[in-house]
Amino acid sequence: MPLKEDELAKIRKARQSWENGTLKRSMERLGLEKNPVELYTPLDSEGQDYLENVGFPGEYPFTAGRFAIPILNALWGRGKNLGAGKAIRHAFGYSGYGTPEDMRDFYMEKDKSPVRGGGPNIAFDLPTQIGYDSDHELAEGEVGRVGVAVDTLRDFEIIYEAFTGDRNLDKIASNWTINATTNIILAMYIALAEKRGIPMEKLRGTPQNDILKEFVARGTQIFPVRPSMRMTRDTMTYCAEHMPKMNTISICGFHMREAGATRVQAVAFTFANAMAYFQNALDAGLEIDRFAGQTTFLNFGGGMEVLKEAACRRAARRVWARIMRERFLSQDPGNWIYRELGGGLAGYWPCTKQRPLNNLVRIAIGAVLSAMIGDPPALEPPFDEPLGLGHSIEARQLAADAARIIVEECNLCDVQDALAGSYYIESLTNRYEKEVFALLGEIDAMGGAVEAVESGWMKLEVVKSAEEFQRKIETGEVIQVGVNKYTEPEEIEVMVPRTSPYRAERKEDAEQRQIASLRKVKQERNSQKVQRCLDKIGNAAKDEQVNLIPLFVEAVKEYTTVGEICGVLRNVFGEAR
Amino acid sequence: MNEEKTIRVLVAKVGLDGHDKGALLLCSRLRYAGMEVIYTGLRNTVDQVVATAIQEDVDVIGVSILSGSHRPFAEKIIRKMKEKHIEDRLFVMGGVIPDEDIPLLLNMGVAGVFTQSSNFQEITDFIRNNAKAAGCTK
């Protein structure tokens with residue numbers, strides 16, 4: 001219940017007296033003209049109603065938590081450790097490099113270690129993400145670098161040799177960080193399952209498939225916005241009908257935040273994009289309470305001002321719940337809150353290359369706040385993120401231990417939403433909610449996310465924020481320890497030995513090996529059938545109403561390549577920008 | 001006397017890496033410092049970058065790579081610059097480049113390598129001090 005006016009008046013008066021008395025004397029004693037610290041009191045959460053604004057975890061408006069019992073508490077200690085980032089149910093976290101053989105061996109080697117469980121969380125190389133085969137001119141130098149190279153179904157068959165028996169496709173969930181070429185990868189998974197006699201209804205997984213943020217922050221888009229949205233529509237209608245256990249998307253704020261968006265922009269732009277995807281699905285005839293349960297969100301990214309990040313995440317829960325109820329008229333309370341693992345509250349971008357062990361401290365602080373708002377204390381990224389691709393096993397070990405300390409020594413996950421009721425936090429949560437809705441209103445007014453992205457507005461806003469922040473770093477208004485402060489010669493560099501999880505020598509010749517494999521597949525397949533499949537895809541692509549996924553499945557079964565399919569689509573859809 | 005010629009810089013993204021925050025911030029910094037900056041946008045081949053460098057008559061080619069493919073690209077760019085007789089222009093690289101690779105790049109002929117631990121003032125000063133020298137040989 002909000003405080004009564006006479007109580008507020010008393011506090012107001014007392015604050016005034018404190019400011020003129022105790023505070024003033026302190027400032028005079030210390031020679032300060034301005035108070036360097038803020039103070040929040042019940043006056044700042046004026047009008048706050050507990051049931052309306054905060055409520056109980058797992059219930060509208062979800063401010064206090066997305067679940068009645070946080071996901072971590074349900075899973076911790078059951079072999080599903082959430083400590084080292086996106087390790088939930090996924091073998092060894094987000095990884096990928098080299099050829100499919102290298103990845104298969106990577107998974108099989110790790111299998112012998114105590115860290116087991118679940119399906120792969122696959123990083124693909126840039127050519128695969130951007131629809132070029134490993135032998136394409138633009139793929140040169142990029143094959144197998146930022147992830148594994150996948151050109152044909154054969155490559156998928158090889159990777160998944162590591163997942164058979166009690167970890168066959170009907171027993172695991174796969175995570176794919178893939179966007180523009182999602183439907184082709186999905187088609188490969190379907191074709192692979194079929195070969196193994198597993199019906200597609202049993203398949204579980206999550207493709208990232210968030211194409212709008214690619215235009216804004218990540219840069220792996222292929223086709224222009226509208227054909228890209230058509231492809232996303234295809235994912236959602238196909239999975240709604242044929243693959244009820246497959247997630248269709250992972251809507252991300254993370255990348256936009258990393259690219260420089262403010263925390264309010266990251267939340268607002270994520271939700272604007274989400275609304276565009278949801279509207280896309282509704283326009284295709286899907287019902288909100290049928291498809292919402294197959295959508296997921298990644299996270300909103302973060303930053304070092306962790307209390308503000310925590311408050312902003314609480315606000316985000318409330319904002320989305322309102323959108324689902326009021327705008328999309330969802331009737332199922334289970335759909336009012338986004339499906340997300342949380343995490344990454346301190347962000348990746350604050351990690352410094354200077355004295356990188358400090359990054360462990362940075363992310364541990366973020367993970368503490370995550371735990372305190374009912375999200376898993378995901379220690380991401382491991383401290384050596386800025387030192388190059390591939391986190392060392394030492395860094396992953398320390399990340400896992402830090403999470404264990406937070407959960408099992410500090411017992412921080414034993415209390416739900418411990419920050420609730422804090423005058424500061426509730427006031428900030430309210431403020432961020434308002435700011436997010438205001439920005440959403442602006443985007444609505446310009447026609448929604450599709451317009452905002454297509455026109456370049458959303459990306460420009462992010463770039464402007466990045467520049468504004470850079471300016472603050474250069475003037476010293478924002479401090480980065482070891483970067484723009486504490487850089488004197490007497491500061492010492494600290495490092496521990498680091499072991500790569502990947503085999504360096506395999507990376508070096510991955511491109512040659514993959515090109516040789518691709519050549520072999522092309523020789524052995526039926527080129528006529530491939531061409532027929534490509535022709536069918538080309539024709540179908542011209543008709544906006546046709547779902548291309550069944551045609552992709554047919555094509556990948558004939559070992560048509562990612563690049564060939566995308567080449568046809570490029571001809572029909574055009575290229576982005 | 002010594003008239004200060006405006007330094008012309010080509011900031012380029014080669015290969016398929018789509019992360020452009022660093023490149024965009026650099027463009028804006030260099031412009032603020034009075035240089036003329038041309039930005040290629042994403043996904044350029046080596047041939048395209050070198051052709052643009054010649055067409056725009058730049059003094060500096062700056063390439064940003066975060067995908068780990070810096071070594072093959074450095075090799076190819078230097079080779080192409082020699083082939084097209086612009087090896088006197090200043091060639092610098094930036095991005096996510098492990099420290100252990102920097103000496104290799106410098107030996108190849110990359111004039112300077114700037115990673116996350118570099119600041120924009122450092123890069124601006126380096127270009128200003130070294131581009132003029134490179135430009136004088138023209």
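None of the figures in this text is laboratory data; all of them are computed from the coordinates on show. For clarity, every value in this text was computed on a predicted model and none was experimentally measured. Don't worry about glycine lacking a Cβ; one is built from the backbone with ideal geometry, like all the others, and counts go over all protein chains shown.
Mind checking the log10 I(q)/I(0) for chain B at q = 0.13, 0.15, 0.17 Å⁻¹? Debye, one equal scatterer per Cα, no solvent, two decimals. Each listed q maps to, in turn, -0.48, -0.65, -0.85.
Rank these for me by crowding, B:HIS19, A:HIS242, B:HIS85, B:HIS70, going from fewest to most other beta carbons within 10 Å.
Details: B:HIS19 21, A:HIS242 15, B:HIS85 8, B:HIS70 27.
In order of increasing Cβ crowding within 10 Å: B:HIS85, A:HIS242, B:HIS19, B:HIS70.
What the phi angles of segment A:361-375 give under the Karplus curve with 6.51, -1.76 and 1.60, with θ = phi - 60°, is a coupling list of 4, 4, 6, 5, 4, x, 5, 4, 5, 4, 4, 6, 10, x, 9 Hz, glycine and proline written as x.
Ordering A:ASP210, A:ASP170 by the number of other Cβ atoms within 10 Å of each residue's own Cβ, fewest first, gives A:ASP170, A:ASP210. Which aspartates and glutamates does A:LYS10 reach when only Cα atoms under 17 Å apart count, and residues fewer than 8 places away in its own chain are ignored? Hits, sequence-local ones excluded: A:GLU19, A:ASP44, A:GLU46. Counting every C-alpha pair in the protein assembly as shown, the share spaced more than 46 angstrom apart comes to 21%.
Across segment A:239-248, coupling constants 3J(HN,Hα) worked out from phi with the 6.51/-1.76/1.60 Karplus curve, θ = phi - 60°, read 5, 4, 8, 10, 9, x, 9, 8, 6, 9 Hz, and Gly and Pro carry x.
Within straight-line reach of A:LYS202, meaning a Cα separation under 13 Å, sit the following aspartates and glutamates at least 8 residues removed in sequence or on another chain: A:ASP170, A:GLU194, A:GLU241. For A:THR352, the amide hydrogen comes within under 5 Å of the amide hydrogens of A:ASN359, counting only partners 5 or more places away or on other chains and with H modelled in the peptide plane.
Roughly speaking, what is the stretch gain from A:PHE67 to A:GLU508, that is 0.36 nm per residue apart minus the C-alpha to C-alpha distance, in nm to one decimal?
Values: separation 441, 0.36 × 441 = 158.76 nm, distance 4.57 nm.
Result for the pair: 154.2 nm of gain on full extension.
In this rough spin-label picture, where each label sits 7 Å from Cα along the Cβ direction, the A:TRP18-A:ARG532 distance is 8.0 nm.
So if we plug the beta-carbon distance of A:ASP6 and B:GLN121 into 1/(1 + (r/R0)^6) with R0 = 41 Å, what FRET efficiency do we get, rounded to 0.05?
Values: r = 57 Å, r/R0 = 1.40.
With a Förster radius of 41 Å, E is 0.10.
Taking the Cβ-Cβ separation of A:ILE365 and A:LYS464 as r and a Förster radius of 45 Å, what is the calculated FRET efficiency to the nearest 0.05? Write out the running numbers ahead of the final one.
Working: r = 28 Å, r/R0 = 0.62.
Taking R0 as 45 Å, the efficiency between A:ILE365 and A:LYS464 is 0.95.
Using Cβ counts within 10 Å as a stand-in for footprinting exposure, how do A:THR22, A:THR295 rank, fewest first? Don't skip to the answer; put the middle values down first.
Values: A:THR22 10, A:THR295 22.
Lowest to highest Cβ neighbour count: A:THR22, A:THR295.
Taking 18 Å as the cut-off, the amide N atoms of segment A:313-338 that come nearer than this to a point 7 Å along the Cα-to-beta-carbon line of A:GLN279 belong to A:320-330. Within straight-line reach of B:LYS80, meaning a Cα separation under 30 Å, sit the following lysines at least 8 residues removed in sequence or on another chain: A:LYS507, B:LYS5, B:LYS13, B:LYS21, B:LYS132, B:LYS138.
Using the Karplus relation 6.51 cos²θ - 1.76 cosθ + 1.60 with θ = phi - 60°, the per-residue 3J(HN,Hα) values for segment B:35-49 come to 8, 9, 10, 10, 10, 7, x, 7, 6, 10, 7, 4, 4, 5, 5 Hz, with x marking Gly and Pro. Label point 7 Å out from A:GLU137 along Cα-to-Cβ: which residues of segment A:495-524 have amide N under 17 Å? Taking a point 7 Å out along Cα→Cβ of A:GLU137, no residue of segment A:495-524 has its backbone N under 17 Å. Shown here for segment A:235-300: GluC sites (Glu not before Pro) in loop regions (DSSP other than H, G, I, E, B) with at most 14 other Cβ atoms within 10 Å, namely A:GLU287.
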